[in-house]
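For reference, the structure discussed in these notes is given below.
Every number in this text was worked out from the coordinates using simple rules, so none of it is lab data. Quick caveat, the model's predicted, so the values are computed rather than measured. A quick note on method: Cβ atoms are made from the backbone with ideal geometry, for glycine too, and the neighbour counts reach across all protein chains shown.
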Amino acid sequence: MEEVQAGVTELARLGLEAVYDQTVFDKDRFVAGSVETRVRAILSAWEDPSVAALIAIRGGYGSAQLLPFLDPDMLVESRKALIGYSDITAILSLYQRHGLAAIHGPMIDRRISKGPSAYDEASFRSVLMSNEPAGDLKPAQLETLHGGTATGILTGGTLTQLMASMGTPWEFDPPHGSVLFIEDIGERPYRIHRLLTQAAQAGVFVHATAIVFGEFPGCDEPGGDPLIRDVLRDFMKEFRGPVLFNFPSGHTAGPTWTLPFGVNVEVTGGASPSVRILEAAVE
């Protein structure tokens, strides 16, 4: 309750009015209420003309359960932004599957509720609260693993969630010429390598123009050998386009940045790596 109230207060500081009902506090074993309750909440928000966007309270597990019950026609008609990451990857992908942009950005719990120390206010405002392209996003810690410049539609999310979709009607299937953003947390290097191998064998990287990796906090091998940075670099050594590492979106040690999925971006690798957003994500 305190996290939600703090999030409401922070959104008000940004000029946004937050509304919610008590079902956000429901719990059904290890998920946030029954499938019916969660589906009803999303459909109700899509239908409500006073609601402009949906912000997830937190991640965890359970979003994939909702996919069979979310009406794509209602989604497309509503055209309301969705903000979240981690488990919310499943619904972000649903948005993109139906031609809509989706926002890989901070959730309420431990992010927006904590204020700008936990999320990057500038990228949140430029991506979500402006109808102009967000432009250059150049976090100080961003690194180049492979140089070059490429453009494409930005897509992706949490690697574990993307691979969990394989073999389902909603499997991750990035369009030709896409830029992939991939991140995760708390997985040892061999597990990340296993997931990347699955992605490669499923053809995920075949038509990608660029790869942007997140921070991958907690993914170094205990003791420091190997480092996840080195595993990612080695895995992508034959990739023909730019590869960046340490973009702080999703699971991060510091403030998490906001990225728009489903819009054109330009990725530049080199001495001054950047992700340049070329299209507005909201109308």
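May I ask you to order 67-77, 39-49 by the average number of other C-beta atoms within 10 Å around their residues, highest value first?
Ranking the peptides 67-77, 39-49 by packing returns 39-49, 67-77.
Scan around V212 for amide H atoms under 5 Å from its own, H built in the peptide plane at 1.01 Å from N, and keep only partners 5 or more places away or cross-chain.
L180, F181, I182, L244
Rounded to the nearest 20 Debye, what is the dipole magnitude of segment 139-283 about its Cα centre when Lys and Arg each give +1 and Asp and Glu each give -1 at the C-beta?
Dipole about the Cα centre, nearest 20: 180 debye.
Kindly list the residues of segment 88-119 that lie in the label zone of E77, defined by a backbone N under 11 Å from the point 7 Å along the Cα-to-C-beta vector.
The answer is none.
Mind ordering 172-179, 87-94 by average Cβ neighbours within 10 Å, highest first? Write down the numbers at each step before the final one.
Values: 172-179: 18.4, 87-94: 25.1.
Final packing ranking: 87-94, 172-179.
Just want the answer: with Cβ charges of +1 for Lys and Arg and -1 for Asp and Glu, which residue in V35, A281, G156 is farthest toward the dipole's positive end in the chain?
Positive-end residue among those listed: G156.
Report the Cα centroid-to-centroid distance between segment 55-111 and segment 240-255 in angstrom, as an integer.
That distance is 20 Å.
Enumerate the calculated ³J(HN,Hα) couplings along segment 28-37 in order (Karplus 6.51 cos²θ - 1.76 cosθ + 1.60, θ = phi - 60°), each rounded to whole Hz, writing x wherever the residue is Gly or Pro.
For segment 28-37, the Karplus-derived couplings read 10, 6, 9, 10, 8, x, 5, 4, 4, 5 Hz, x marking Gly and Pro.
What nm distance separates the two modelled labels at R188 and D26, each placed 7 Å from Cα along Cα→Cβ?
3.8
Please get the size of the charge dipole for the chain, origin at its Cα centre, with Cβ charges of +1 on Lys and Arg and -1 on Asp and Glu, quoted in debye to the nearest 20.
Computed charge dipole of the chain: roughly 360 debye.
Using a Gaussian network for the chain with springs between C-alpha atoms less than 10 Å apart, which of these wobbles most: G241, G167, G99?
Result for the chain, Cα springs under 10 Å: G167 fluctuates most.
Just going by the charge dipole of the chain, with Lys and Arg at +1 and Asp and Glu at -1 on Cβ, which of L142, T256, P169 is farthest out on the positive end?
Towards the positive end, the residue furthest out is L142.
What residues have an amide H closer than 5 Å to that of D28, excluding those fewer than 5 places away on the same chain, when H is modeled at 1.01 Å from N in the peptide plane?
Close amide H contacts, sequence-distant or interchain: G33.
Through the Karplus equation 6.51 cos²θ - 1.76 cosθ + 1.60, θ set to phi - 60°, convert the phi angles of segment 248-260 into ³J(HN,Hα) values in whole Hz; use x for Gly and Pro.
These are the phi-based 3J(HN,Hα) values: x, 10, x, 6, 9, 7, x, x, 8, 8, 9, 10, x Hz.
Which one is right for this structure if Rg and Dmax of the Cα atoms in Å is calculated from it: (1) 17.6, 49; (2) 20.7, 68; (3) 17.9, 53?
Calculated Rg and Dmax of the Cα atoms in Å: the matching label is (3).
Please state, rounded to one decimal and in Å, the Kirkwood hydrodynamic radius that segment 153-283 gives when every pair of distinct Cα atoms enters the mean of 1/r.
15.1
For segment 115-121, just list the computed ³J(HN,Hα) in residue order, Karplus coefficients 6.51, -1.76 and 1.60, θ = phi - 60°, integers in Hz, with x standing in for Gly and Pro.
x, x, 6, 10, 9, 7, 5
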